[in-house]
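**Q** A single structure is presented below for examination.
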Amino acid sequence: MIGIIACGAYVPRLRLQRQAVADAHAWFAPGLRGLARGERAMAGWDEDAVTLAVEAARDCLTGLDRARVGRLVLASTSHPYLDRQNAGIAKEALNLPDAVATLDVGGSQRAGTSALIDALQAARGGAGEVLCVAAEKRRAQPASELELVGGDAAAALLVGEADEVGAEFLGAHSVSIDFVDHFRAEGSEFDYGWEARWVRDEGYAKIAPAAIKAALAKVGVAPADVDAFLMGAPMRGVNEAVAKAAGIPAGVVREPLAQVLGEAGTAQPLILLAQALETAKAGEILVVVGFGQGCDVLVLRARASAAGAMRGLGVSGWLARRKPEPNYIKYLCFNGHLDIERGMRAEFDQKAALTALYRSRKAVMALVGGRCTKTGTVQFPKSPISVNQNDRAIGTQEDYPLADRLARILTHTADSLTFSPDPPCYYGAIEFEEGGRMTVEFGDVDADDVVVGAPVRMMFRIKAVDDNRGFTKYFWKAVPDYLPAAAAAMAAQ
């Protein structure tokens with residue numbers, strides 16, 4: 001049976017309050033007040049489409065043997081690199097085998113659904129299990145509608161052939177039409193958008209319903225039998241209008257998370273699918289729609305193990321892990337719209353030694369340490385000589401991944417002198433529960449979170465950016481253990 005084996009997601013902790021954005025632009029664009037309700041997911045300065053993708057993939061692969069992944073596809077219109085494979089960076093961070101095939105997909109807002117269709121069809125053709133990830137951190141021009149309605153997030157789906165899947169793939173249908181609702185040319189910073197009414201009436205209303213009807217007819221499903229309609233159109237009422245035009249009951253149109261997350265571009269349909277699988281009942285028909293220069297439609301049937309496909313926090317868990325952010329200036333700085341004075345301490349060259357990065361890629365990108373096979377001593381980084389004080393064994397260490405292991409804070413410092421885009425810079429020493437110590441930066445923390453003995457987990461983040469050469473350096477940061485808090489928040493809902 002071909003379908004979705006596991007699913008996951010990631011939503012950054014910060015949630016920009018839309019009212020703060022509208023208030024800041026009231027003098028210039030008072031019409032934005034109509035979009036001021038709710039909040040949107042806001043990535044930190046040390047997050048981009050790759051780091052978001054890695055966290056969604058980790059969420060998806062919780063408890064699974066990563067050696068089963070034969071191919072990784074990363075869809076986005078905000079890939080940080082044009083010529084350094086972004087999926088390849090994610091592969092390294094996930095510590096997948098070198099034999100894994102990787103592919104970047106972009107160029108359209110339906111890149112996420114197109115990548116998912118391709119992954120499912122590849123699995124049907126015997127290509128093995130494919131990890132399909134979509135992630136987005138788009139730059140929006142200040143005072144634009146996208147700045148308010150957009151959101152930063154990612155979703156990941158492991159697809160393939162298995163005796164039991166969370167959702168069975170029934171079929172798909174795609175149409176390609178150069179209908180330009182917005183575009184971003186090579187070298188441009190921001191999207192150029194066309195009139196919303198034109199996009200709604202000539203784009204969504206005419207292209208999507210026909211594609212949906214064709215997909216349902218292809219798999220032999222009546223529109224009235226659809227149980228969940230998943231389309232992430234950011235304009236109010238469009239999802240309902242498209243469903244109605246396709247003959248799908250209004251009551252099955254799922255909320256696109258507009259008020260709590262925002263519209264995450266290529267990732268949005270996959271996020272909605274991952275959330276739907278959290279509560280889907282066996283036999284339910286799910287229709288997923290991606291729109292952009294045409295339309296993709298996927299039809300799936302939930303199986304009895306649908307809820308089991310979510311092995312990590314899932315969409316609901318990450319949404320529960322939130323911190324309201326009322327500071328619009330911080331959002332501008334994090335997204336490169338405001339070049340603030342950094343001071344002399346920021347004036348040093350961040351050039352990366354690419355030779356050293358390649359040789360140490362398992363340690364730097366995947367946080368792989370060493371474990372002495374003789375004494376059991378764990379250390380980071382791995383070295384030829386064990387750090388065990390009583391037995392300096394030589395050549396006895398094996399790879400020991402640390403990224404998914406819980407740790408506790410041993411020491412900590414809040415440094416307001418060194419430059420940080422989000423001061424102060426918190427760093428200190430941590431010790432993993434199974435052994436092994438290292439010095440790290442702390443992320444997603446407030447002063448009360450950094451306490452000796454506090455549990456932390458590792459997240460893949462941006463370490464620094466070489467502005468002179470346009471190279472991003474990635475590493476791992478320790479963040480407060482989010483699992484207990486997220487579980488409590490979900491239970492309280």
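**Q** Which of the following residues is open to solvent by less than 10 Å² (accessible area, probe 1.4 Å), in a strand (DSSP E or B) and not charged (D, E, K, R): Ala90, Ala156?
**A** After ruling out the rest, the residue left standing is Ala156.
**Q** Looking only at region 183-205, count every residue that is closer than 15 Å to Gln141 by Cβ, in contact (Cβ under 8 Å) with a residue 40 or more places away in the chain and outside any loop (DSSP other than H, G, I, E, B) and tell me the total.
**A** Here the count works out to 1.
**Q** Looking at region 104-158 only, could you name the residues that are under 23 Å from Arg84 (Cα atoms) and either in contact with a Phe, Trp or Tyr (Cβ under 7 Å, 6 or more places away or on another chain) or not assigned by TED's automatic domain parsing to the domain that holds Ala208 (or both)?
**A** Passing the criteria: Gln109, Arg110, Arg139, Ala153, Ala154.
**Q** Would you mind telling me which numbered condition in (1) open to solvent by 20 Å² or more (accessible area, probe 1.4 Å); (2) part of a helix (DSSP H, G or I); (3) at pLDDT 90 or above Ala208 fails?
**A** Here Ala208 meets the rest and fails (1).
**Q** Look at region 163-183 and say how many of its residues are surrounded by 15 or more Cβ atoms within 10 Å (Cβ to Cβ) and more than 30 Å from Ile2 (Cβ to Cβ).
**A** 2
**Q** So for region 22-41 (the condition being open to solvent by less than 20 Å² (accessible area, probe 1.4 Å), of a type in the set (A, V, I, L, M) and under 30 Å from Ala280 (Cα atoms)), does at least one residue qualify?
**A** yes
**Q** Does at least one position in region 447-468 carry a residue that is under 24 Å from Gly336 (Cα atoms), touching a residue at least 12 places away in the same chain (Cβ under 8 Å), not assigned by TED's automatic domain parsing to the domain that holds Ile89 and not in a strand (DSSP E or B)?
**A** For region 447-468, residues under 24 Å from Gly336 (Cα atoms), touching a residue at least 12 places away in the same chain (Cβ under 8 Å), not assigned by TED's automatic domain parsing to the domain that holds Ile89 and not in a strand (DSSP E or B): present.
**Q** Quick check on this structure: which one of Phe419, Phe432 is of a type outside the set (Gly, Ala, Ser) and either free of Cβ contacts under 8 Å to residues at least 60 places away in the same chain or assigned by TED's automatic domain parsing to the domain that holds Cys60 (or both)?
**A** Going through Phe419, Phe432 in turn, the sole match is Phe432.
One line per residue, one yes/no per condition, for (1) farther than 24 Å from Gln109 by Cβ; (2) among the charged types (D, E, K, R); (3) in contact (Cβ under 8 Å) with a residue 40 or more places away in the chain:
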| site | (1), (2), (3) |
| --- | --- |
| Asn239 | no, no, no |
| Val252 | no, no, no |
| Val260 | no, no, yes |
| Gln275 | no, no, yes |
| Val297 | no, no, yes |
| Asp339 | yes, yes, no |
| Glu347 | yes, yes, no |
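**Q** When the residues of region 360-389 are filtered to those that are in a loop (DSSP other than H, G, I, E, B) and without any contact (Cβ under 8 Å) to a residue 12 or more places away in the chain, which remaining residue is least open to solvent (accessible area, probe 1.4 Å)?
**A** Val387
**Q** Could you check how many residues of region 217-250 are small (Gly, Ala, Ser), under 31 Å from the mean Cα position of the chain (by Cα) and part of a loop (DSSP other than H, G, I, E, B)?
**A** Residues that pass the stated criteria total 4.
**Q** Further question on the same structure: When you go through (1) over 21 Å from Ala123 (Cα atoms); (2) open to solvent by 10 Å² or more (accessible area, probe 1.4 Å) one by one for Ile2, which number turns out not to apply?
**A** Unmet condition: (1).
**Q** Looking at region 390-423 only, could you name the residues that are small (Gly, Ala, Ser), more than 22 Å from Asp46 (Cβ to Cβ) and exposed (fewer than 15 other Cβ atoms within 10 Å of the Cβ)?
**A** As a first pass, look at region 390-423 and keep what is small (Gly, Ala, Ser): 393, 395, 403, 407, 414, 416, 420.
Now narrow it down to the ones that are more than 22 Å from Asp46 (Cβ to Cβ): 393, 395.
Result: Gly395, single match.
**Q** Here's something else I'd like to know. For Glu431, work out the one condition from (1) closer than 23 Å to Lys323 by Cα; (2) in contact with a Leu (Cβ under 7 Å, 6 or more places away or on another chain) it doesn't fulfil.
**A** Here Glu431 clears every test but (1).
**Q** Looking for whichever is in the same structural domain as His79 (by TED's automatic domain parsing), over 19 Å from Ala245 (Cβ atoms) and at pLDDT 90 or above here; the options are Gly166, Gly193. Which one fits?
**A** Gly166
The values are calculated or read from the model by the stated rules, or taken from the named source; none is laboratory data. Predicted, not measured: the structure shown is a model, and the values here were computed from it. Neighbour counts are summed over all protein chains in view; Cβ atoms, including those assigned to glycine, are modelled from backbone coordinates with ideal geometry. These area figures cover heavy atoms from the full protein model, side chains too; ligands, DNA and RNA do not enter into them. Shrake-Rupley method; radii C 1.70, N 1.55, O 1.52, S 1.80 Å.
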